[in-house]
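Asker: The structure follows.
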Amino acid sequence: MTALRRYIHWLHTGWPSGDVNRLPEVRPDGTTRVDGLLVAGDLRGVPLLKFAAESGARIVRTIASGMSETGTGTGSPDEPVDVAIVGGGVAGMSAALEAKRLGLSFVVLEAARPFATVAHFPAGKPILAYPPEMIPQSGLSITASDRESLLRELMGAAHSAGIETVTARAECVLRDGEHLRVVVPNGDDVTARRVVVAIGRSGDYRRLGVPGEDGDSVTNRLHDPAVYRGKAVVVAGGGDTALEAAAALARAGAQVVLSYRGAAFTRPKPENAGAVAALAEGREAAPGSLRVIMESRITEIAATSVSLVTATGPETVSAEAVFVLIGSEPPLHFFRRSGVPISGEWTRRRTVSLAAVLSFCTLLYHWKSGGAVTAWFRERALFPFHFTPPVDPSGPWEAVAVSATSPGFWYSLAYTILVAAFGVLRVRRRPTPYIRAQTWSLAVLQIVPLFLLPYLLLPWMGTAGWFDEGVGATIAEGLFPITEWDPHGREYWRASGFILAWPLFLWNAFTDRPMGLWLLIGSLQTFVLIPWLVRRWGKGAYCGWICSCGALAETLGDAHRHRMPHGPRTNQMNAVGQAVLALAALLLLLRVVAWAFPEASIAKTIYMALHMGRDASWNELPFPGNYLNYAWFVDLLLSGIIGVGLYFHFSGRAWCRFVCPLAALMHIYARAFGRFRIFSEKKKCISCNLCTSVCHQGIDVMGFANRGLPMEDPQCVRCSACVVSCPTGVLSFGRVNANGEVAAVDRVRATLRLEEGK
């Protein structure tokens with residue numbers, strides 16, 4: 001068992017596995033499920049001032065473009081304002097400035113004071129107006145380099161435009177007829193045609209959960225470091241806020257102890273980590289001092305001391321003040337009360353929806369796969385078994401008419417249409433050269449070799465006599481043998497094996513006799529071509545550009561990729577695919593045994609277990625039901641019913657990530673000799689976690705970026721969602737050499753430029 005754990009750790013569980021923050025579900029244009037309620041600012045995932053200003057102004061422009069007329073409402077039920085803006089920060093004030101410029105009536109509700117988040121920055125905090133080349137299309141310009149200058153700049157713009165705020169804490173937004181009503185505690189509700197929520201991500205501060213945390217010496221904000229000159233201070237946390245506070249306190253003359261639970265800082269910016277290291281090591285002179293205790297945890301806070309558990313044992317340090325700077329939880333209660341779903345959060349509606357989709361998929365795949373549902377349709381001569389072609393089925397149309405009596409034909413047709421239609425939507429959503437090329441590749445391979453070839457072209461060629469004699473007959477006999485149960489008389493469906501390799505597509509190997517051509521083709525695919533692709537471009541060269549499973553996942557599943565669970569527990573579930581791979585390998589070995597001893601009873605039992613008992617002479621064998629075999633359990637249940645059934649609730653890659661045996665084999669290839677990596681510029685990473693949140697393979701991309709390490713988790717399918725979503729453009733595809741050094745970076749651009757509006 002120890003060896004197995006080491007193997008799984010090497011393959012899957014040794015990578016960063018951070019979770020993602022739950023945020024309200026917001027579309028790219030800021031709209032939500034609640035019609036008329038839009039979200040601006042860093043609740044959309046990007047904690048940058050320039051992006052907040054840009055999003056606020058852009059959302060109001062979108063609102064104005066959709067209004068046929070505007071008014072001069074006051075916010076009362078009889079005179080609703082055009083826009084109610086909840087939040088007076090950078091995004092909210094930017095929205096207000098744009099509303100005034102466009103002549104919209106509006107009101108700004110702010111619970112504290114305008115630009116409260118900036119005002120609560122520590123005194124003298126440096127401001128990184130990132131990205132430097134971005135100029136927000138907003139009435140707010142972000143050019144200041146410190147907290148005080150920035151606050152003057154922002155307040156000056158608001159005062160110059162005459163923007164005033166109403167002091168009120170909004171509780172929720174409710175539908176009120178054709179309008180929306182912003183509910184406030186004192187009853188002075190505001191009625192509006194549209195509502196822009198720009199309340200930021202700073203909700204309730206996270207707690208340590210230790211005795212003494214509610215004492216007077218504990219706080220979650222640092223306003224003025226100079227107040228703590230000469231005092232003993234403990235700072236808990238390992239992010240940018242904690243490191244900036246520790247450095248500022250030491251420079252102000254405090255004796256600081258920085259406690260962090262991790263073995264190394266992974267999330268803060270390099271300049272903040274460098275400043276803390278310089279102060280702790282004495283390379284930077286300061287009036288105070290700074291001591292860093294890694295791998296430590298606060299267990300109790302007293303009036304003048306803090307108890308810690310460290311890697312070397314318990315320790316008590318003096319503390320006249322304690323700063324708990326471990327982040328905050330977004331204000332999700334506001335959105336729950338307003339009817340806006342929270343990403344990754346289960347509700348009764350979502351549970352019922354999942355049950356309904358799984359039930360539909362059960363019916364669909366039983367109909368497609370020749371089960372009881374198929375028999376029910378066939379007995380009643382229902383569509384498609386009672387299909388009347390629109391033209392005379394003689395000649396070349398005969399093949400089409402015969403194919404159209406098969407559920408597989410209609411299923412594949414629907415599958416192909418979905419890939420093409422949602423592929424167009426995907427390209428429109430993220431129009432990068434990389435995604436255009438990838439989507440075209442997936443669509444063309446699905447249309448031609450996986451649909452037209454087995455269902456139309458090959459049957460037509462057979463009807464036209466191409467396979468009756470000569471070379472054509474020889475090839476057809478080796479690839480598409482004659483059979484009684486197939487309506488065409490030949491097994492043209494085996495042509496899917498040209499694209500789908502073993503062990504994803506088993507059936508060209510699991511036959512009653514060995515088919516030499518397919519065994520040769522399958523061996524070259526699985527053990528030559530795919531390893532070469534994985535070595536050079538990673539597993540995603542097949543999963544993201546060729547495979548039909550990937551085609552549907554990257555198109556139909558594109559809008560649901562953020563629903564894939566993340567974290568250590570789900571990362572351990574990646575090992576399920578290794579079990580399915582082992583089962584597929586065992587079954588292939590047993591299949592070879594059955595070929596070698598065709599008269600043995602074990603051969604017949606194995607055939608039944610693998611191939612659903614299609615040979616009528618073997619159907620009488622005592623076997624516990626045709627449903628207890630690989631085809632029904634893996635191909636039907638896991639790949640079909642569960643794999644597709646989870647698309648809209650756990651992203652389109654649930655089958656690919658957790659169960660697919662071919663993906664599991666490619667994971668081994670990638671770890672053994674793969675050169676593909678995702679590179680990052682650690683200095684530009686702002687730890688927004690967008691890259692991780694959109695990964696429908698559950699990879700903690702930010703965990704690698706924060707460490708400045710190339711991403712080498714073998715789960716990656718090269719979808720490029722992380723690269724496209726990164727607001728600072730720090731990610732890129734490439735390869736390393738044998739020494740782990742950068743060898744090449746992909747030339748096909750996978751990002752959107754800032755001037756393109758991203």
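Asker: Do any residues in region 410-433 that are within 23 Å of residue 382 (Cα to Cα) have Cβ atoms under 6 Å from those of residues that are at pLDDT below 95 and surrounded by 14 or more Cβ atoms within 10 Å (Cβ to Cβ), where the two are at least six apart or on different chains, and which pairs are they?
Answerer: As it stands, the answer is 410/384; 411/368, since those pairs meet every condition given.
Asker: Regarding residue 233, is this residue part of a strand (DSSP E or B) and either open to solvent by less than 50 Å² (accessible area, probe 1.4 Å) or on the phi < 0 side of the Ramachandran plot (or both)? Please lay out each step first, then the result.
Answerer: On the way: part of a strand (DSSP E or B): yes; either open to solvent by less than 50 Å² (accessible area, probe 1.4 Å) or on the phi < 0 side of the Ramachandran plot (or both): yes.
It is true that residue 233 is part of a strand (DSSP E or B) and either open to solvent by less than 50 Å² (accessible area, probe 1.4 Å) or on the phi < 0 side of the Ramachandran plot (or both).
Asker: Select from region 317-351 the residues that are surrounded by 17 or more Cβ atoms within 10 Å (Cβ to Cβ) and part of a helix (DSSP H, G or I) and list them in ascending order.
Answerer: 332, 334, 335, 338
Asker: Pairs needed: first member in region 378-405, within 19 Å of residue 453 (Cβ to Cβ) and part of a loop (DSSP other than H, G, I, E, B); second member anywhere, polar (S, T, N, Q) and at pLDDT 65 or above; C-beta distance under 8 Å; at least 6 residues apart or different chains.
Answerer: Pairs found: 396/463.
Asker: For region 211-229, name all the residues that are open to solvent by 20 Å² or more (accessible area, probe 1.4 Å), assigned to a loop (DSSP other than H, G, I, E, B) and touching a residue at least 40 places away in the same chain (Cβ under 8 Å). Can you show your working first?
Answerer: Our first condition is that a residue be open to solvent by 20 Å² or more (accessible area, probe 1.4 Å); within region 211-229, this holds for 211-212, 214-221, 223-224, 226-229.
Narrowing further to those that are assigned to a loop (DSSP other than H, G, I, E, B): 211-212, 214-217, 220-221, 223-224, 229.
Listed by number, the residues that qualify are 211, 212, 215, 217, 220, 221, 223, 224, 229.
Asker: Which residues, counting only those in region 641-669, are surrounded by 23 or more Cβ atoms within 10 Å (Cβ to Cβ) and of a type in the set (A, V, I, L, M)?
Answerer: Listed by number, the residues that qualify are 644, 646, 654, 662, 663, 664, 665, 666.
Asker: Does residue 546 satisfy the condition of being aliphatic (A, V, I, L, M) and not in a helix (DSSP H, G or I)? Working first, answer last.
Answerer: On the way: aliphatic (A, V, I, L, M): yes; not in a helix (DSSP H, G or I): yes.
Yes.
Asker: When the residues of region 409-456 are narrowed to those that are among the charged types (D, E, K, R) and open to solvent by 20 Å² or more (accessible area, probe 1.4 Å), which ends up nearest to residue 496 (Cα to Cα)?
Answerer: Initially, region 409-456 is screened for residues among the charged types (D, E, K, R), giving 426, 428-430, 436.
Right, trim to open to solvent by 20 Å² or more (accessible area, probe 1.4 Å) and you get 428-430, 436.
Values: 428: 29, 429: 30, 430: 30, 436: 24 Å.
The qualifying residue nearest to residue 496 (Cα to Cα) is 436.
Asker: Right, something else. When only residues in region 457-502 that are over 22 Å from residue 519 (Cβ atoms) and in contact with a helix residue (DSSP H, G or I) (Cβ under 6 Å, 6 or more places away or on another chain) count, which is least open to solvent (accessible area, probe 1.4 Å)?
Answerer: Going through the qualifying residues, I end up with 459.
Asker: Which ones in region 237-270 are more than 30 Å from the chain's Cα centre (by Cα) and not in a helix (DSSP H, G or I)?
Answerer: As a first pass, look at region 237-270 and keep what is more than 30 Å from the chain's Cα centre (by Cα): 244-259.
Passing the criteria: 253, 254, 255, 256, 257, 258, 259.
Asker: Looking only at helices (runs of 4 or more DSSP H) that fall completely inside region 38-135, which ones have 3 or more residues that are small (Gly, Ala, Ser), farther than 30 Å from residue 227 by Cβ and in contact with a Gly (Cβ under 9 Å, 6 or more places away or on another chain)?
Answerer: Here the list reads 49-65, 90-101.
Asker: Report the residue count in region 52-62 for those that are within 18 Å of residue 173 (Cβ to Cβ) and surrounded by fewer than 24 Cβ atoms within 10 Å (Cβ to Cβ).
Answerer: Of the residues in region 52-62, 1 are within 18 Å of residue 173 (Cβ to Cβ) and surrounded by fewer than 24 Cβ atoms within 10 Å (Cβ to Cβ).
Asker: Also, I was wondering about something else. Restrict the check to region 13-26 and report whether at least one residue is farther than 28 Å from residue 729 by Cβ and among the aliphatic types (A, V, I, L, M).
Answerer: no
Asker: Separate question: Could you please find all residues in region 503-524 being touching a residue at least 24 places away in the same chain (Cβ under 8 Å), within 20 Å of residue 450 (Cβ to Cβ) and open to solvent by 20 Å² or more (accessible area, probe 1.4 Å)? Please lay out each step first, then the result.
Answerer: Initial filter on region 503-524 (touching a residue at least 24 places away in the same chain (Cβ under 8 Å)): 503-504, 506-507, 509-518, 521-522.
The next check asks that each one be within 20 Å of residue 450 (Cβ to Cβ); those that pass are 503-504, 506-507, 509-510, 515, 517-518, 521-522.
Within region 503-524, 504, 507, 517, 521 meet the criteria.
Asker: If I filter region 275-294 for residues that are within 20 Å of residue 209 (Cα to Cα) and not hydrophobic (A, V, I, L, M, F, W, C), do I get at least one hit?
Answerer: Of all residues in region 275-294, those within 20 Å of residue 209 (Cα to Cα) come to 293-294.
Applying the additional criterion that residues be not hydrophobic (A, V, I, L, M, F, W, C) yields none.
So far as region 275-294 goes, no, none of its residues is within 20 Å of residue 209 (Cα to Cα) and not hydrophobic (A, V, I, L, M, F, W, C).
Asker: If the requirement is being in contact with a Leu (Cβ under 9 Å, 6 or more places away or on another chain) and polar (S, T, N, Q), which of these qualifies: 359, 343? Before you say what the answer is, go through the steps one by one.
Answerer: Working: 359 fails: in contact with a Leu (Cβ under 9 Å, 6 or more places away or on another chain).
Step by step, each of 359, 343 is checked, and only 343 is in contact with a Leu (Cβ under 9 Å, 6 or more places away or on another chain) and polar (S, T, N, Q).
Asker: Could I ask something else about it? Pick from 92, 124: which is surrounded by fewer than 18 Cβ atoms within 10 Å (Cβ to Cβ) and closer than 24 Å to residue 148 by Cα? Steps first, please.
Answerer: Values: 92 fails: surrounded by fewer than 18 Cβ atoms within 10 Å (Cβ to Cβ).
Sole residue among the options that is surrounded by fewer than 18 Cβ atoms within 10 Å (Cβ to Cβ) and closer than 24 Å to residue 148 by Cα: 124.
Asker: For region 164-194, what are the residues that are among the hydrophobic types (A, V, I, L, M, F, W, C) and either more than 16 Å from residue 110 (Cα to Cα) or open to solvent by less than 60 Å² (accessible area, probe 1.4 Å) (or both)? Don't jump to the end; show me each part of the working.
Answerer: Initially, region 164-194 is screened for residues among the hydrophobic types (A, V, I, L, M, F, W, C), giving 166, 168, 170, 172-174, 180, 182-184, 190, 192.
Correct list: 168, 170, 172, 173, 174, 180, 182, 183, 184, 190, 192.
Asker: Any residue at all in region 580-603 that's open to solvent by 50 Å² or more (accessible area, probe 1.4 Å), assigned to a helix (DSSP H, G or I), within 17 Å of residue 503 (Cα to Cα) and modelled with pLDDT of 85 or more?
Answerer: Within region 580-603, one or more residues are open to solvent by 50 Å² or more (accessible area, probe 1.4 Å), assigned to a helix (DSSP H, G or I), within 17 Å of residue 503 (Cα to Cα) and modelled with pLDDT of 85 or more.
Asker: Report whether or not residue 691 is over 16 Å from residue 537 (Cβ atoms), touching a helix residue (DSSP H, G or I) at 6+ places or on another chain (Cβ under 7 Å) and without any contact (Cβ under 8 Å) to a residue 40 or more places away in the chain. Explain how you work it out, then say what you get.
Answerer: On the way: over 16 Å from residue 537 (Cβ atoms): yes; touching a helix residue (DSSP H, G or I) at 6+ places or on another chain (Cβ under 7 Å): yes; without any contact (Cβ under 8 Å) to a residue 40 or more places away in the chain: no.
Against the criterion (over 16 Å from residue 537 (Cβ atoms), touching a helix residue (DSSP H, G or I) at 6+ places or on another chain (Cβ under 7 Å) and without any contact (Cβ under 8 Å) to a residue 40 or more places away in the chain), residue 691 does not qualify.
Asker: Farther than 21 Å from residue 444 by Cβ, modelled with pLDDT under 90, open to solvent by less than 50 Å² (accessible area, probe 1.4 Å) and touching a Pro at 6+ places or on another chain (Cβ under 7 Å) - does that describe any residue in region 569-578?
Answerer: Looking through region 569-578, none of the residues is farther than 21 Å from residue 444 by Cβ, modelled with pLDDT under 90, open to solvent by less than 50 Å² (accessible area, probe 1.4 Å) and touching a Pro at 6+ places or on another chain (Cβ under 7 Å).
The values are calculated or read from the model by the stated rules, or taken from the named source; none is laboratory data. The shown structure was predicted, so the numbers you read here are calculated from the model rather than taken from an experiment. Counting neighbours? That spans all protein chains shown, and the Cβs are built from the backbone with ideal geometry, glycine included. Just the protein is used for accessible areas: all its heavy atoms, side chains included, with ligands, DNA and RNA removed. Shrake-Rupley method; radii C 1.70, N 1.55, O 1.52, S 1.80 Å.
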